[in-house]
Amino acid sequence: VNFRARWEEAETELTQNILAAKDRLSKVFLAEDLLTLISRICTELHVGSLRADITLYKTAIALAAWEGRLKVVAEDIRQAAKWVLAHRRRQQPFQTPNDGPDTNDLLDELMDSLPQDQDDKNKEQQPPPEGSEDDRQDSADDTPP
């Protein structure tokens, strides 16, 4: 069996998964409390760039889409932070990555600071459909008096 034939089925499945995630991507919702968590993570880890917040946000959304969900959960942010922040932490000259607080420990502490019921709510709740009564109500709440 040649190389192409051996991997064709896996390649086709992966292509379909990528296309499905790409279609889902624009529909993925990230709750405001998780957006705040992203900012806290970057602040507490002394990340020296605003691009890290944006990259962490986009990575968490992409991960949720890849996993087949329309709502980002805290675990998406934890995983994305491991990928995104490893090389972005501020370091002083002669400081090694092992100096200072451990990234995993800080992530655990920040994730634990999320109210447990809120994290469960984020896992279960889906964003309101566009144009729905809930969506219009949310927009009305943002309008100044």
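The values are calculated or read from the model by the stated rules, or taken from the named source; none is laboratory data. Owing to the predicted nature of the structure, the values given are computational and were not obtained by experimental measurement. Quick note on the areas: whole protein, heavy atoms, side chains included, nothing else; ligands and nucleic acids left out. Shrake-Rupley method; radii C 1.70, N 1.55, O 1.52, S 1.80 Å.
Taking amide H positions as modeled 1.01 Å from N, with prolines and chain starts lacking one, the residues under 5 Å from residue 29 and 5 or more places away or on another chain are 71, 72.
Across the range 62-73, computed HN-Hα scalar couplings (Karplus, 6.51 cos²θ - 1.76 cosθ + 1.60, θ = phi - 60°) run 4, 5, 4, 4, 4, 6, x, 10, 9, 9, 6, 10 Hz from first to last residue, x flagging Gly and Pro. Counting only protein heavy atoms and a probe of 1.4 Å, the accessible surface of the range 1-49 is 53% carbon and sulfur. Each residue of the range 29-41 was assigned a 3J(HN,Hα) from its phi angle through the Karplus expression (A = 6.51, B = -1.76, C = 1.60, θ = phi - 60°), giving 10, 10, 5, 4, 5, 6, 5, 5, 4, 4, 5, 5, 4 Hz with x at Gly and Pro.
Note the full-extension length gain between residue 27 and residue 87 as 0.36 nm times their separation in residues minus their Cα-Cα distance, in nm to one decimal. Walk me through the numbers before you get to the answer.
Details: separation 60, 0.36 × 60 = 21.60 nm, distance 2.94 nm.
In short, 18.7 nm is gained.
Accessible area ranking (1.4 Å probe, heavy atoms, ligands and nucleic acids excluded), largest first, for 12, 103: 12, 103. Protein-only accessible surface at a 1.4 angstrom probe places the residues 76, 108, 33 in the order 108, 33, 76, largest first.
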